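In what follows, a single structure is set out as structure tokens and then discussed.
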Amino acid sequence: MFGLFNKKKIEVFSPIKGKVIDITEVEDEVFSAKMMGDGFAVEPDENFISAPCDGEIAILAKTKHAVAIRAEGVEILIHIGLDTVELEGKGFTAYVKEADLVKRGDKLISFDAEYIKKEGKRITTVLAITNMDEKVKRLAKNLQTQEAVLKIEVK
């Protein structure tokens, strides 16, 4: 029926416990200006990130500071900390590899928050939709919830 009844929707939960903020509040212009895409960030209360939705690991950074999940064609980047690529993987442990299938809540990466801070980096964790224009028809945010933070309607 011309695709009227098979609209794909994705619910994206926070990948880590902590205070959720809008991506525009991140103290890094690459994220706050949405150069990487729209989304949100978390000031973490714990030291590991979990899959925010079901999907496939599309990218695991060599330095383990970032991971991307592909769900219904939508690419969801989780970037732990700001400028943490400069740590060259020190302080990060990955529990997944590219092409792994994950379920919401699966542990992806743990990090040593104290080490990262000692190195002068912030641990603000960003979640950004990197292919918004190609794959996202509609995006709804709810930063004040324990439920899904993002609800995405896929093109």
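The values are calculated or read from the model by the stated rules, or taken from the named source; none is laboratory data. The model shown is predicted, which means the values in this text are computed figures rather than measured ones. As a convention, Cβ positions derive from the backbone with ideal geometry for all residues, glycine included, and neighbour counts pool all protein chains shown. To get the accessible areas, we keep the full protein, side chains included, count just its heavy atoms, and leave off ligands, DNA and RNA. Shrake-Rupley method; radii C 1.70, N 1.55, O 1.52, S 1.80 Å.
Which count do you get for residues in the range 132-152 that are among the charged types (D, E, K, R) and surrounded by fewer than 15 Cβ atoms within 10 Å (Cβ to Cβ)? Before the answer, list the steps.
Residues of the range 132-152 that are among the charged types (D, E, K, R), as a first pass: 133-135, 137-138, 141, 147, 151.
Subsequent filtering for residues that are surrounded by fewer than 15 Cβ atoms within 10 Å (Cβ to Cβ) retains 133-134, 137-138, 147.
Residues in the range 132-152 being among the charged types (D, E, K, R) and surrounded by fewer than 15 Cβ atoms within 10 Å (Cβ to Cβ): 5 in total.
Could you check, for the range 11-27, whether at least one of its residues is aliphatic (A, V, I, L, M), under 19 Å from Glu114 (Cβ atoms), modelled with pLDDT of 95 or more and open to solvent by less than 10 Å² (accessible area, probe 1.4 Å)?
Within the range 11-27, the first condition is being aliphatic (A, V, I, L, M), and the residues that meet it are 12, 16, 20-21, 23, 26.
Of the ones still in play, those that are also under 19 Å from Glu114 (Cβ atoms) are 16.
In the following step, the residues that additionally are modelled with pLDDT of 95 or more were identified as 16.
Adding the requirement that they be open to solvent by less than 10 Å² (accessible area, probe 1.4 Å) leaves 16.
The answer is yes, given that some residue of the range 11-27 is aliphatic (A, V, I, L, M), under 19 Å from Glu114 (Cβ atoms), modelled with pLDDT of 95 or more and open to solvent by less than 10 Å² (accessible area, probe 1.4 Å).
When you go through Lys103, Lys118, Lys90 one by one, which is the residue that is within 15 Å of Val67 (Cβ to Cβ), out of contact with any Gly (no Cβ under 7 Å at 6 or more places or on another chain) and open to solvent by 20 Å² or more (accessible area, probe 1.4 Å)? Give the steps one after another, and end with the answer.
Numbers: Lys118 fails: within 15 Å of Val67 (Cβ to Cβ); Lys90 fails: within 15 Å of Val67 (Cβ to Cβ).
The unique qualifying residue is Lys103.
Can you tell me which residue in the range 38-53 is farthest from Ile23 (Cα to Cα), limited to those that are in a strand (DSSP E or B) and open to solvent by 30 Å² or more (accessible area, probe 1.4 Å)? Can you show your working first?
As a first pass, look at the range 38-53 and keep what is in a strand (DSSP E or B): 39-44, 48-50.
Still in the list and also open to solvent by 30 Å² or more (accessible area, probe 1.4 Å): 43, 48.
Numbers: Glu43: 11, Phe48: 20 Å.
My answer is Phe48.
List the strands (runs of 3 or more DSSP E) inside the range 54-142, counting only whole elements, that have at least 2 residues being over 20 Å from Lys19 (Cα atoms).
Working: elements: 55-60, 66-71, 74-82, 92-94, 107-111, 122-129, 136-141.
Filter on the range 54-142 gives 55-60, 66-71, 74-82, 92-94, 136-141.
The rows are residues; the columns are (1) in contact (Cβ under 8 Å) with a residue 12 or more places away in the chain; (2) small (Gly, Ala, Ser); (3) touching a strand residue (DSSP E or B) at 6+ places or on another chain (Cβ under 7 Å).
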residue	(1), (2), (3)
Ile49	yes, no, yes
Asp54	yes, no, yes
Val85	yes, no, no
Gly105	yes, yes, yes
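Taking Ile129, is it open to solvent by less than 70 Å² (accessible area, probe 1.4 Å) and in contact with a helix residue (DSSP H, G or I) (Cβ under 7 Å, 6 or more places away or on another chain)?
In short, no.
For the range 67-84, give me each residue that is open to solvent by 10 Å² or more (accessible area, probe 1.4 Å), out of contact with any Asp or Glu (no Cβ under 6 Å at 6 or more places or on another chain) and at negative phi.
Across the range 67-84, the qualifying residues are Glu75, Leu77, His79.
Which residues, counting only those in the range 106-115, are open to solvent by 10 Å² or more (accessible area, probe 1.4 Å) and under 17 Å from Ile57 (Cβ atoms)?
Of the residues in the range 106-115, the ones open to solvent by 10 Å² or more (accessible area, probe 1.4 Å) are 106-107, 110, 112-115.
Answer for the range 106-115, where residues must be open to solvent by 10 Å² or more (accessible area, probe 1.4 Å) and under 17 Å from Ile57 (Cβ atoms): Asp106, Lys107, Ser110.
Among Ile78, Ile59, Ile21, Ile69, which is in contact (Cβ under 8 Å) with a residue 60 or more places away in the chain and under 17 Å from Ile109 (Cα atoms)?
Only one candidate qualifies: Ile78.
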